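S.K.: Can you keep this structure in mind? I'll have questions shortly.
The values are calculated or read from the model by the stated rules, or taken from the named source; none is laboratory data. Bear in mind the structure is a predicted one, so any value in this text is a computation, not a measurement. Glycine also receives a Cβ, built like all others from the backbone with ideal geometry; neighbour counts cover every protein chain displayed.
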Amino acid sequence: MTATKPRTLFDKVWDAHVVEQLPDGTCVLYIDRHLVHEVTSPQAFEGLRLAGRRVRRPDGTIAVVDHNIPTNIDRSKPITEDESRIQVETLEQNVRDFGVPYFPVTDARQGIVHVIGPEQGISLPGFTIVCGDSHTSTHGALGALAFGIGTSEVEHVLATQTLLQKPAKNMLVRVDGTLGAGVTAKDIVLAIIGRIGTAGGTGHVIEFAGEAIRSLDMAGRLTVCNMSIEAGARAGMIAPDDVTFAYLRGRPFAPQGEAFDHAVAYWRSLASDAGAQYDTTVVLNAADIAPQVTWGTNPEAVLPITGVVPNPADETDEARRVQIERMLTYMGLTPGQKLTEIPVDVVFIGSCTNSRIEDMRAAAAVAKGRKVAPGVQALVVPGSGLIKAQAEAEGLDVIFREAGFEWRDAGCSMCLGMNPDKLTPGQRCASTSNRNFEGRQGPGGRTHLVSPAMAAAAAVTGHLADVRELV
Amino acid sequence: MQAFTKLTGIAAPLPIANVDTDKIIPARFLKTIKRTGLGVHLFDTLRYDEQGAERPDFVLNQEPYRRAEILIAHENFGCGSSREHAPWALLDFGIRCVIAPDFADIFHNNCFKNGILPVRLPREICDQLIEDAKLGANARVTVDLERQVVVRPNGEEISFSIDPFRRELMLGGLDDIGQTLQHAPAIDGFEAREKTEKPWMPAITAV
């Protein structure tokens with residue numbers, strides 16, 4: 001790639017991290033930040049131990065526990081469930097042995113790895129960021145190239161601070177215009193996945209652009225990039241701008257003072273050049289996007305809340321028809337049923353997709369002065385200890401508790417069914433998380449993905465609801 | 001990592017699209033700190049009922065597919081979570097090769113790190129191989145990485161393409177950390193250059 005050719009944001013961040021290019025085009029790609037959690041790291045540290053290797057850059061690495069910690073117990077005491085406790089203790093032993101910086105569960109800065117990276121200023125524009133978790137795509141909202149890796153690659157990064165990679169293709173997703181009232185970043189990204197499909201971004205890095213993306217605050221941008229992986233793209237990116245810089249200024253691990261201004265000068269140069277070429281371009285109009293809700297068992301099975309459950313008989317493609325039938329059976333839904341008439345048992349507000357203070361505020365605005373519908377369990381799980389404290393300082397916890405929501409400690413919680421927060425078979429949940437796969441929130445659990453405001457609307461009405469009728 | 005050169009074995013048909021890694025290995029089994037022992041939970045929800053009894057209609061609960069070494073599926077295999085427990089579970093069960101029209105990126109990568117060969121073939125050919133696989137033990141499929149061909153039970157050869165660098169690592173069973181560490185001087189040089197060119201770059205210290 002020559003320097004004179006117009007380049008995309010992805011091209012620029014990629015080019016800036018190529019240590020060496022091998023004859024077949026594979027690159028040794030330098031990694032600036034490596035985020036580590038308890039679930040996908042034990043075997044990687046064990047590999048280092050067996051090979052007698054050290055962590056090359058502890059000062060580019062941060063560890064935290066999030067996936068399997070309970071969210072409703074006294075955190076000064078050990079976890080009672082053996083396997084989870086062993087995994088946490090293993091991480092604690094590994095960070096001690098290898099000198100890796102770590103936020104333990106008792107630290108206010110502990111939280112979901114994809115929440116605390118941006119919150120602490122550990123994730124920065126122009127960085128390459130990896131983590132053994134597919135939702136690492138989140139950090140791309142800052143203008144970083146951030147993607148999930150497997151445990152073998154975690155070990156590779158710990159040992160070498162690099163990865164062997166080939167460049168991805170460039171996809172531009174432009175969302176023009178302005179969003180209607182009650183429509184959020186979550187609805188944008190669900191609508192995008194509905195358009196391009198769960199494999200639509202495979203092999204690509206998506207750059208999100210356009211007026212509607214530009215107008216989002218940082219929390220909204222993080223939500224959009226978070227779900228890039230649900231469209232098959234390993235990474236999503238948004239060019240850093242004044243919103244990004246204002247968000248990062250003063251964050252503990254960001255450059256401080258004059259250094260910050262130097263950094264901003266560099267970060268401004270990262271935006272895609274005029275005339276940069278994309279392999280694929282998709283354009284959506286924000287005004288066409290209504291609040292979204294998934295009805296099936298993958299994120300592309302999504303519709304506006306004003307819609308009805310699809311009828312497989314209308315599907316001409318045989319494989320697709322069978323798939324819809326299977327989804328409806330699993331989800332316990334009837335073709336033609338209005339989405340707003342689907343009752344829910346559980347509401348989950350949290351996860352790396354939607355657990356930031358802005359998400360808490362959006363949900364609280366709907367919950368305020370209302371009550372959780374009888375028979376519905378509703379959880380609010382802030383993304384970090386600091387978000388929890390901020391929400392409490394704003395009185396949001398009181399609003400939630402008075403409405404009948406449970407107010408929990410930070411963690412991945414009901415997003416993935418590997419800690420005590422999970423659905424029981426047949427339970428139906430309106431969830432602000434990112435995956436509605438069969439069994440994702442617990443075996444037999446049924447997930448409808450929605451925005452925080454839509455989740456709160458479901459909690460107070462007892463069924464999937466159009467939040468625009470409540471605000 | 002065990003090298004992959006040529007494999008002849010029983011192929012299990014799994015004609016499902018979008019097989020996600022939660023389906024391959026649900027999150028509740030990710031609490032292990034080892035790589036081994038996950039095979040018993042491979043496709044747990046599809047394989048066992050609520051009481052833990054085998055579902056007789058699931059392919060891997062049937063003979064001869066309990067001994068399958070090859071899996072043939074539909075589009076977007078391995079989507080979702082980055083969990084390497086998915087290829088570990090496949091490997092622990094005995095699967096060394098997955099054939100599908102396409103794979104999700106992270107899963108695709110993870111396979112190569114564990115000596116599992118992901119082979120991309122067009123949907124029509126996968127469907128043909130699925131029909132072959134349904135014939136069971138008398139219809140063994142061969143996957144030859146050296147010659148880059150899949151051989152159907154009737155002897156027909158279907159060629160597939162694969163990244164040459166990854167092919168070489170697979171054929172040799174090579175540890176790619178060792179490969180990368182040969183570039184250590186270049187990595188040192190890169191870090192030194194960054195320090196000069198981006199003096200503002202912070203480090204994670206004094207947590």
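S.K.: Name the pairs: first residue in segment A:420-433 and buried (at least 24 other Cβ atoms within 10 Å of the Cβ), second residue modelled with pLDDT of 95 or more and among the aromatic types (Phe, Trp, Tyr), Cβ to Cβ under 7 Å, at least 6 apart or on different chains?
M.R.: A:Cys429/A:Phe348; A:Ser431/A:Phe348; A:Thr432/A:Phe348; A:Ser433/A:Phe348
S.K.: Now, a different point. Would you be able to tell me the number of residues in segment A:181-203 that are in a loop (DSSP other than H, G, I, E, B) and away from every other protein chain (no Cβ under 14 Å)?
M.R.: Adding up the residues that qualify gives 4.
S.K.: I would also like to ask the following. If we scan segment B:27-40, do we find a residue that is over 30 Å from A:Asp82 (Cα atoms), touching a helix residue (DSSP H, G or I) at 6+ places or on another chain (Cβ under 7 Å) and either aliphatic (A, V, I, L, M) or free of Cβ contacts under 8 Å to residues at least 60 places away in the same chain (or both)?
M.R.: No, that holds for no residue.
S.K.: Further question on the same structure: List the strands (runs of 3 or more DSSP E) that sit entirely inside segment A:1-115 and contain at least 1 residues that are closer than 24 Å to A:Ser413 by Cβ.
M.R.: It comes to A:33-36, A:61-64.
S.K.: Out of A:Ile79, A:Ile116, A:Ile73, which single residue is out of contact with any helix residue (DSSP H, G or I) (no Cβ under 9 Å at 6 or more places or on another chain) and aliphatic (A, V, I, L, M)?
M.R.: A:Ile73
For every residue, the table says whether it meets (1) at pLDDT below 95; (2) facing another protein chain (nearest Cβ under 9 Å); (3) in contact with a Phe, Trp or Tyr (Cβ under 8 Å, 6 or more places away or on another chain).
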position	(1), (2), (3)
A:His37	no, no, no
A:Arg53	no, yes, no
A:Asp59	no, yes, no
A:Arg75	yes, no, no
A:Phe98	no, no, yes
A:Ile112	no, no, no
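S.K.: For segment A:302-331, give me each residue that is at pLDDT 95 or above and facing chain B (nearest Cβ under 10 Å).
M.R.: A:Arg326
S.K.: Something else now. Is there any pair with a first residue in segment A:124-152 that is within 19 Å of B:Cys111 (Cβ to Cβ) and more than 8 Å from chain B (Cβ to nearest Cβ) and a second that is charged (D, E, K, R) and part of a strand (DSSP E or B) whose Cβ atoms are under 9 Å apart and which are 6 or more apart or on different chains, and what are they?
M.R.: Between residues of segment A:124-152 that are within 19 Å of B:Cys111 (Cβ to Cβ) and more than 8 Å from chain B (Cβ to nearest Cβ) and residues that are charged (D, E, K, R) and part of a strand (DSSP E or B), the close pairs are A:Val130/A:Arg33.
S.K.: Out of everything in segment A:374-402 that is among the aliphatic types (A, V, I, L, M) and touching a strand residue (DSSP E or B) at 6+ places or on another chain (Cβ under 8 Å), what residue ends up being surrounded by the most Cβ atoms within 10 Å (Cβ to Cβ)?
M.R.: That would be A:Val380.
S.K.: Condition first: surrounded by fewer than 12 Cβ atoms within 10 Å (Cβ to Cβ) and in contact (Cβ under 8 Å) with a residue 24 or more places away in the chain. Now tell me which residues in segment B:148-199 satisfy that.
M.R.: Scanning segment B:148-199 gives a single hit, B:Ser161.
S.K.: Here is a further query. So which helices (runs of 4 or more DSSP H) are wholly in segment B:81-133 and hold at least 1 residues that are touching a Cys at 6+ places or on another chain (Cβ under 6 Å) and not β-branched (Val, Ile, Thr)?
M.R.: Answer list for segment B:81-133: B:85-93.
S.K.: When you go through (1) crowded, with 24+ Cβ neighbours inside 10 Å; (2) more than 20 Å from A:Thr8 (Cβ to Cβ); (3) within 14 Å of another protein chain (Cβ to nearest Cβ) one by one for A:Arg251, which number turns out not to apply?
M.R.: For A:Arg251, the failing item is (1).
S.K.: Sticking with this one: In this structure, is A:Thr223 within 14 Å of chain B (Cβ to nearest Cβ), among the polar types (S, T, N, Q) and either within 17 Å of the chain's Cα centre (by Cα) or surrounded by 24 or more Cβ atoms within 10 Å (Cβ to Cβ) (or both)?
M.R.: In short, no.
S.K.: Okay, next question. Tell me, please, whether a residue that is polar (S, T, N, Q) and more than 8 Å from every other protein chain (Cβ to nearest Cβ) can be found in segment B:57-65.
M.R.: Checked segment B:57-65: at least one residue is polar (S, T, N, Q) and more than 8 Å from every other protein chain (Cβ to nearest Cβ).
S.K.: Now a separate question. Which of the residues that make up segment A:139-160 are more than 15 Å from A:His34 (Cβ to Cβ) and either within 10 Å of the chain's Cα centre (by Cα) or outside any helix (DSSP H, G or I) (or both)?
M.R.: The answer is A:Gly143, and nothing else.
S.K.: Kindly indicate whether A:Thr178 is in contact with a helix residue (DSSP H, G or I) (Cβ under 7 Å, 6 or more places away or on another chain) and more than 12 Å from chain B (Cβ to nearest Cβ).
M.R.: Considered against the rule, which asks whether it is in contact with a helix residue (DSSP H, G or I) (Cβ under 7 Å, 6 or more places away or on another chain) and more than 12 Å from chain B (Cβ to nearest Cβ), A:Thr178 comes out as yes.
S.K.: Hey, another quick one. Can you tell me which residues in segment B:23-46 are more than 7 Å from every other protein chain (Cβ to nearest Cβ) and buried (at least 17 other Cβ atoms within 10 Å of the Cβ)?
M.R.: If the condition is that a residue be more than 7 Å from every other protein chain (Cβ to nearest Cβ) and buried (at least 17 other Cβ atoms within 10 Å of the Cβ), then B:Ile24, B:Ile25, B:Phe29, B:Thr32, B:Leu38, B:His41, B:Leu42, B:Phe43, B:Asp44, B:Leu46 are the ones that fit.
S.K.: From A:Leu9, A:Leu48, which residue is more than 10 Å from chain B (Cβ to nearest Cβ) and aliphatic (A, V, I, L, M)?
M.R.: When all the criteria are applied, what remains is A:Leu9.
S.K.: If we scan segment A:347-368, do we find a residue that is out of contact with any helix residue (DSSP H, G or I) (no Cβ under 7 Å at 6 or more places or on another chain) and either crowded, with 24+ Cβ neighbours inside 10 Å or not small (Gly, Ala, Ser) (or both)?
M.R.: No: segment A:347-368 contains no residue that is out of contact with any helix residue (DSSP H, G or I) (no Cβ under 7 Å at 6 or more places or on another chain) and either crowded, with 24+ Cβ neighbours inside 10 Å or not small (Gly, Ala, Ser) (or both).
S.K.: Can you confirm whether A:Leu172 is outside any loop (DSSP other than H, G, I, E, B) and at the interface with another protein chain (Cβ under 9 Å from one of its Cβ atoms)?
M.R.: So A:Leu172 fails the test.
S.K.: Closer than 30 Å to A:Val28 by Cβ and among the hydrophobic types (A, V, I, L, M, F, W, C): which single residue out of A:Ile192, A:Ile196, A:Ile188, A:Ile206 fits that description?
M.R.: Matching residue, one of A:Ile192, A:Ile196, A:Ile188, A:Ile206: A:Ile206.
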